[in-house]
Amino acid sequence: YDVRISEGSNTRELNELIVSVNQLAESLGKQELLRRQLTADVAHELRTPLTSVGTHIEAMIDGVWEPTNERLQSCHDEILCIGRIIQDLENLAKVESENLKLDKAQINLTELSEKAVGNFEADINQKNLKVSIDGASSDIYADQNRISQVLINLVSNAVKYTPQNGIIKIIISEDEQFARLSVNDNGIGIAQDELPYVFERFYRADKSRNRITGGSGIGLAIVKSIVMAHGGIVEAQSHLNEGSCFVIKLPKNRME
Ligand code: ADP
């Protein structure tokens, strides 16, 4: 929006200024809309499990339902789900706060990837997924806990959105400036018109399909915030029913 008006400004410059002011107003309007959408989404995400627990417990108090173990377990699951959403929100607020403090040290992406995959061993075995980690990069200077969180979120999605017997490949490489890590899967994929929004908070591609997987749409927003805080880049490619590829690029050197 860098348009300056001087005495000699002509109509073209004034028009440019008008366009810039309009763009600024539009962008502020969009931010306000996003903020309102966010509040509505949080309310919705919390209400769904809460309503379910409420109905279950009411039916048991009224004696309509026997308080069987199964029903109590289902209430417990919903409460855990609410807890996860709150935890995600807290994590997101933390990484989105402007003064996100990074505790940087030399870290190794292959080691962190192995650990991230290890977290999902049970699901990987249960779905009989084939997971590989290939390539390498020299150590990078980054916040180990935060980058672990990034890898866990990406691997978690690959595991969640890849059906039985699927293949997940983590590929690591580097160029002069950046270390590059991609998480590739041959799962359900994302439609082209949804792809640009997947890094937005609470965005969940294909709402009906996703309700079953029980995520909250915050994981990729956290990934983006952490990678950007490191001066890095996130990218996603995907084709519906073919698979997805999420890429992060992180600067290798000390950047203060
Ligand atoms: P969620 O908790 O819903 O998984 P994320 O922010 O991690 O939230 O992801 C946002 C949305 O992007 C998901 O709801 C899903 O629709 C889509 N998505 C993310 N990763 C993948 C993947 N590997 N394959 C297919 N869809 C994905």
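The values are calculated or read from the model by the stated rules, or taken from the named source; none is laboratory data. Note that this is a predicted model, so its numbers are computed, not measured. Backbone-built Cβ (ideal geometry, glycine too); neighbour counts: all protein chains shown. Just the protein is used for accessible areas: all its heavy atoms, side chains included, with ligands, DNA and RNA removed. Shrake-Rupley method; radii C 1.70, N 1.55, O 1.52, S 1.80 Å.
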* Residue under evaluation residue 145, criteria (1) within 20 Å of residue 110 (Cα to Cα); (2) assigned to a strand (DSSP E or B), criterion not met -> (2)
* Does segment 51-70 contain any residue that is within 19 Å of residue 204 (Cβ to Cβ) and surrounded by 10 or more Cβ atoms within 10 Å (Cβ to Cβ)? -> yes
* Asked: Conditions: (1) in a helix (DSSP H, G or I); (2) out of contact with any His (no Cβ under 9 Å at 6 or more places or on another chain); (3) at pLDDT 95 or above. Residue 57 meets all but one. Number of the miss?
  -> (3)
* Structure fact -> Counting only residues that are at pLDDT 85 or above, open to solvent by 40 Å² or more (accessible area, probe 1.4 Å), more than 9 Å from the ligand (Cβ to nearest atom) and assigned to a loop (DSSP other than H, G, I, E, B), segment 178-213 contains a total of 3
* Structure fact -> Every listed condition ((1) within 16 Å of the ligand (Cβ to nearest atom); (2) under 18 Å from residue 44 (Cα atoms)) holds for residue 95 save (2)
* Tell me, please, whether a residue that is within 16 Å of the ligand (Cβ to nearest atom), part of a helix (DSSP H, G or I) and at pLDDT below 95 can be found in segment 99-116. => no
* To do: Check residue 165 against each of (1) assigned to a helix (DSSP H, G or I); (2) open to solvent by 50 Å² or more (accessible area, probe 1.4 Å); (3) of a type in the set (S, T, N, Q) and name the one condition it does not meet.
  => (1)
* Structure fact -> When every residue in segment 223-242 that is within 17 Å of residue 144 (Cβ to Cβ) and under 12 Å from the mean Cα position of the chain (by Cα) is compared, the one surrounded by the most Cβ atoms within 10 Å (Cβ to Cβ) is 226
* Asked: Only one of (1) out of contact with any Phe, Trp or Tyr (no Cβ under 7 Å at 6 or more places or on another chain); (2) within 11 Å of the ligand (Cβ to nearest atom); (3) at pLDDT 90 or above; (4) open to solvent by 20 Å² or more (accessible area, probe 1.4 Å) fails for residue 175. Which number is that?
  -> (2)
* To do: Can you tell me which residue among 139, 143 is acidic (Asp, Glu) and surrounded by 16 or more Cβ atoms within 10 Å (Cβ to Cβ)?
  => 143
